[in-house]
Amino acid sequence: LAMPTKEREEAEEMGGREEETAAKKPRRLIEHSTDVLPLHSGNGRAQLKGRRDVQGWNSCGLTLSSCSDDAARLIDLSIEQVIGWFGDPYQTAVLSSEADPCCVVPYCIMLWLKYLGSSAGEDDPVIIETIGKAEKALSERAHSEREILLFTCLKELSEGKFEESLLLVEDYLLQYPSDAMGLKLQNDLCYFTGQNFRMRDGVARCLPDLDDETRFYGYMLGMYAFVLEEAFDYDKAQQYAQRALQKNSKDVWAIHAMAHTLEMQGKAEEMIKLLEESKEHWQDSNLRCHISWHLALCYVDLGQYDQALSVYDMQIASNIESLGVFALVDCSQLLQRLEFEGFQVGNRWEAVWPLWMKHAGDHRLAFNDAHIALAVGASGNLVIQRETLAAWEKFCLDRKDDSRASLVNLRNVCIPLLRAVLAYRSCRFDDCVNELLRVRYQLYMIGGSNAQREVFFLLLIRAGLASKNKKFISLVKQLVNEKMATDTQSRMMKRLLVSV
């Protein structure tokens, strides 16, 4: 999928001459060309075989303003890489933009993946540059209303305006319900703002109008399975996950959705069986670290802590370099849960918290900030702890009129979470409980899944158990009762009930 260096240089030189010529001409509709780029033969070319060219996109009602069939096919591949969790979808989008620099859709994919898939400050130079290229493409070529609306949505997101972006993508799906990219984007925006039922409804609105002829329909069934699970409809979620896997046994997101339904019901043995039997399909995917985290949680639930730690060392921590923040979330979650169980994790936090500190001032996603709070507490460094808390408070004070979701959630949820974690680490358990009780029913706002946010529910329980306040011991019993009322079979919850 890479262009040979010499040919790339020649193409860039030719592209420069074409841009100079184009600048002198008025905007016009493109004339479709069937010219192909000198892509490598073999596996690279094979990956594009059967994928939608420009006509293929247009024929399914998703107008693509491109003069390059290769660019169109690369867009199709990039989207499947995102929803199928394989390959490098960002780089595929970059290659598509190189195949046709005046098509805006590749830049939309790049903005989507860069903003939600990484962590950086407000003035991320890569995002600024990508927006510039997208706007240049729009100025040099007439695009369809679909593409303009898609870019507007991603530009709002790149400015941290989650709700505005979400409203736009939902408007987009009213007109283009068959677009897998729009559907996944709606899911992502809801996921990172904790809007589980809205996430479910987004898929539920579109799915009845789609069928087996719809591009990526099987993946959409897997998406629906996950959002149903997040809305606590476990039986229906399993049904849709099974339908997705019948169409494609390698659908990693459907496997992941099935795992979630079992985990939330405390069915650890069943979940281990599922993940071991499907391991060949997910072990090399981009979801390998996260699914390994789910596997490790099963062992924690069963009290098999050495096995959980082995999964951490072999399948989770080993992915930090390649998966970055995505892996750091799983690392922080598992280490904290093991410590809650009284299991010693050695010096493993030392490979995690310093990497989180590089992002402590970014504040792009509240979900990341919540996990940074765990890492700051685990650092054991009082100076870092005090400075981080002070920096977060000043960041919010300096932007007290900023109503963007990430700032509101930092102010109202993540700073109290950080205070709670620091109180727990310094054995001020009553303070920890009080901080968490104030924000417990706002925790959904940090985003993430129900399973991921449960770590803070466990923090509340552990702080209550460690407290000498009899009222908080009663609170813990009621919290465990609350959990058991969901008919969970969790061994860990049963152990906690015995502890009380």
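The values are calculated or read from the model by the stated rules, or taken from the named source; none is laboratory data. Every value quoted in this text rests on a predicted model; they were computed, and no experiment measured them. Here the Cβ positions follow ideal geometry from the backbone for every residue, glycine too, while neighbour counts run over all protein chains shown. Accessible surface is based on the protein model in full, side chains and every heavy atom, while ligands, DNA and RNA are left aside. Shrake-Rupley method; radii C 1.70, N 1.55, O 1.52, S 1.80 Å.
In segment 39-54, what residues are modelled with pLDDT of 95 or more and open to solvent by less than 10 Å² (accessible area, probe 1.4 Å)? Result: Val54, single match. Within segment 235-273, the set of residues being open to solvent by 10 Å² or more (accessible area, probe 1.4 Å), among the aliphatic types (A, V, I, L, M) and over 27 Å from Pro89 (Cα atoms) comprises Met264, Ile272.
Restricting to segment 129-164, name every residue that is in a helix (DSSP H, G or I), among the polar types (S, T, N, Q) and farther than 22 Å from Leu189 by Cα.
Applying the first criterion (in a helix (DSSP H, G or I)) to segment 129-164 yields 129-140, 145-158, 162-164.
After this cut, where a residue has to be among the polar types (S, T, N, Q) as well, the list is 130, 139, 152, 158.
Result: Ser139, single match.
Within the set Cys432, Cys427, the sole residue that is farther than 25 Å from His290 by Cα, in a loop (DSSP other than H, G, I, E, B) and of a type in the set (A, V, I, L, M, F, W, C) turns out to be Cys427. Residues that are open to solvent by 20 Å² or more (accessible area, probe 1.4 Å), of a type in the set (Asp, Glu) and under 28 Å from the mean Cα position of the chain (by Cα) do not occur anywhere in segment 379-392.
Restricting attention to segment 398-425, the residues being polar (S, T, N, Q) and over 25 Å from Leu382 (Cα atoms) number 2. Hey, among Ser467, Ser449, which residue is within 24 Å of Leu228 (Cα to Cα), touching an Asp or Glu at 6+ places or on another chain (Cβ under 7 Å) and crowded, with 17+ Cβ neighbours inside 10 Å? Going through Ser467, Ser449 in turn, just one is within 24 Å of Leu228 (Cα to Cα), touching an Asp or Glu at 6+ places or on another chain (Cβ under 7 Å) and crowded, with 17+ Cβ neighbours inside 10 Å: Ser449. In summary, helices (runs of 4 or more DSSP H) completely within segment 448-500 and bearing 3 or more residues that are of a type in the set (S, T, N, Q) occur at 470-484.
Can you say whether Val36 is at pLDDT 50 or above and among the β-branched types (Val, Ile, Thr), as far as the supplied structure shows? Full working, then the answer.
On the way: at pLDDT 50 or above: no; among the β-branched types (Val, Ile, Thr): yes.
Taking the combined requirement at face value, the residue does not satisfy it.
Scan segment 304-325 residue by residue and report those that are touching a residue at least 24 places away in the same chain (Cβ under 8 Å), more than 23 Å from the chain's Cα centre (by Cα) and open to solvent by 30 Å² or more (accessible area, probe 1.4 Å). Tyr305 - this is the single residue of segment 304-325 that is touching a residue at least 24 places away in the same chain (Cβ under 8 Å), more than 23 Å from the chain's Cα centre (by Cα) and open to solvent by 30 Å² or more (accessible area, probe 1.4 Å). Asn409: open to solvent by 20 Å² or more (accessible area, probe 1.4 Å) and of a type in the set (S, T, N, Q), yes or no? When the stated conditions are applied, Asn409 does not pass them. For segment 340-367, enumerate the residues that are acidic (Asp, Glu) and over 18 Å from the mean Cα position of the chain (by Cα). Glu341, Glu350 - these are the residues of segment 340-367 that are acidic (Asp, Glu) and over 18 Å from the mean Cα position of the chain (by Cα).
Applying the criterion of being in contact (Cβ under 8 Å) with a residue 40 or more places away in the chain and within 26 Å of Asn248 (Cα to Cα) to the residues of segment 55-75, the residue that is surrounded by the most Cβ atoms within 10 Å (Cβ to Cβ) is Leu74.
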